[in-house]
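One structure is given here, and the rest of the page talks about it.
The values are calculated or read from the model by the stated rules, or taken from the named source; none is laboratory data. Because the structure is a prediction, the values reported are computed rather than measured. We place every Cβ from the backbone using ideal geometry, glycine too, and count neighbours over all the protein chains shown.
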Amino acid sequence: MRICLLFVLLLNVLAFAGTPLQEEKAARRAFIEKLDDAKKKFLADTRDSLLASLQANDVESTMRYVKGLTDSAYGDYALDKYELLQIYFLTNQLDSAIVTLVRDYDEHMYSHRDGYHLSYYKKQWYSAFDDKLIEFLDANMDLTNRDVLQEQLNRISNSDISQEFKDLAELMKMEFSRNVIKNKSVACFAEEVKKGRMSDLCAQRDEIYQMRYGVWKDDFVDKDSVYYDSLFSMFASFQNNYPDSEFRSWAIKHRHLANQTRKRDFRRQHYYLDRLYTGGIGGEFFISPSNSDCELNIVLQYKRFILTANHGQDPDFLDGWNVLLGVDVFENKLFKIVPFVGGYNTWMAGLQFEFRPWISEMGHDAPIGGYLSLKAKYVFKYGENGGEADDYKKHSKHRFYLGVGFHFW
């Protein structure tokens with residue numbers, strides 16, 4: 001009994017051992033619990049004053065309130081980085097805008113001792129308010145809209161601020177040709193809705209903690225080598241032109257990440273290079289132009305060996321199922337050649353040619369792909385005459401078929 005209790009205790013210790021994220025969330029909760037109504041009202045009033053200054057185009061007062069919120073002990077709880085970025089663009093503080101965007105974008109990448117990994121991202125806190133200020137900012141500077149963000153980055157590129165910041169804007173234009181800033185509500189709820197539950201962190205408005213950046217939903221339009229060559233060149237130029245820049249390490253890291261993305265895109269687009277001669281499962285349908293004989297095949301391939309369950313309807317032979325064994329003697333992206341032999345009601349031997357007009361990319365949720373194939377095959381058949389079955393008369397025929405197939409691999 002004591003051993004069981006110790007084991008249960010050990011499991012609880014392991015389960016609730018504090019990770020950096022758990023510690024950060026715990027610290028956040030402890031911080032929020034210390035805020036009394038008076039402090040929350042003070043922050044809310046300051047945000048209201050900030051809104052009034054923005055509406056009056058009073059840049060000086062706006063920046064004074066911004067400084068008061070950002071320099072306070074409340075941090076992102078009072079004014080998050082996304083809201084700050086929106087304000088900088090609205091007040092034409094373009095140098096501060098690009099610095100804020102690059103720093104915040106950089107922070108969402110986890111760094112590891114063995115390099116940077118695309119699958120590890122750091123989430124960011126959002127402010128604890130759902131007020132008129134947010135409505136105003138989203139109505140006038142919705143950076144979750146890709147066109148709006150690109151327009152603002154173009155403003156920076158064409159402005160008279162330092163060349164370093166303009167070069168940063170050009171880099172961010174390239175980065176955000178495939179990435180987006182997520183909508184706050186979507187960032188909060190999307191992942192939990194997909195899992196069929198709502199997170200406490202999302203339900204409690206004080207503690208929105210989600211990824212601010214993501215990949216554009218249609219941007220597994222994976223970029224070609226020209227895109228990546230251009231991006232690498234821009235990163236290299238930035239490193240060389242600004243050796244003392246605060247953002248040089250950012251350029252180095254994101255160049256490395258872009259290289260990983262390039263390799264990932266190549267693997268996803270060209271995964272079939274590793275699938276050739278490996279196998280798969282599929283279905284085929286054939287028809288003979290000469291006599292409308294048709295066949296339906298279920299195909300299972302293991303390495304180079306192909307097992308086919310064949311059901312044919314040929315007026316010159318008995319209908320029924322046959323088993324064929326083939327060998328994948330040649331295969332590349334577009335073509336495949338398979339000699340085969342077998343049968344049961346009818347004995348067959350032949351040669352099949354395959355052309356693939358379409359190959360899918362690798363599935364994002366499962367390591368499976370597929371392809372469509374157009375087929376042509378020659379078959380020598382020998383068996384009982386379907387029209388004279390009672391006489392058990394056997395004969396042979398040459399057949400040519402055209403077909404279509406779909407396969408998973």
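Each residue in region 263-273 was checked for being crowded, with 16+ Cβ neighbours inside 10 Å and free of Cβ contacts under 8 Å to residues at least 60 places away in the same chain, and 1 pass. Cβ-Cβ contacts under 9 Å between residues 6 or more apart (or on different chains), taken from a first residue in region 238-262 that is on the phi > 0 side of the Ramachandran plot to a second residue that is modelled with pLDDT of 90 or more, are absent. When the residues of region 156-171 are filtered to those that are surrounded by 14 or more Cβ atoms within 10 Å (Cβ to Cβ) and among the charged types (D, E, K, R), the one that is nearest to residue 90 (Cα to Cα) is 166. Filtered by the rule that a residue be surrounded by 20 or more Cβ atoms within 10 Å (Cβ to Cβ), assigned to a loop (DSSP other than H, G, I, E, B) and of a type in the set (D, E, K, R), region 51-92 gives a lone residue, 80.
If you go through region 349-366 and pick out every residue that is in a strand (DSSP E or B) and modelled with pLDDT under 95, you end up with 4. Among the residues of region 329-348, those identified as outside any strand (DSSP E or B) and either over 35 Å from the mean Cα position of the chain (by Cα) or modelled with pLDDT of 95 or more (or both) are 329, 344, 345.
Residue-level analysis places residue 134 outside the set of residues that are at pLDDT 95 or above, surrounded by 19 or more Cβ atoms within 10 Å (Cβ to Cβ) and part of a helix (DSSP H, G or I). Of 322, 310, 297, 291, all but one fail to be of a type outside the set (Ser, Thr, Tyr) and assigned to a loop (DSSP other than H, G, I, E, B); the exception is 291. Any residue at all in region 285-302 that's modelled with pLDDT of 95 or more, among the small types (Gly, Ala, Ser) and in contact with a Phe, Trp or Tyr (Cβ under 7 Å, 6 or more places away or on another chain)? The answer is no, given that none of the residues of region 285-302 is modelled with pLDDT of 95 or more, among the small types (Gly, Ala, Ser) and in contact with a Phe, Trp or Tyr (Cβ under 7 Å, 6 or more places away or on another chain).
Of the residues making up region 212-224, at least one is surrounded by 12 or more Cβ atoms within 10 Å (Cβ to Cβ) and either among the aliphatic types (A, V, I, L, M) or at pLDDT 90 or above (or both). Within region 60-81, can one find any residue that is of a type outside the set (A, V, I, L, M) and within 21 Å of residue 149 (Cα to Cα)? Looking through region 60-81, at least one residue is of a type outside the set (A, V, I, L, M) and within 21 Å of residue 149 (Cα to Cα).
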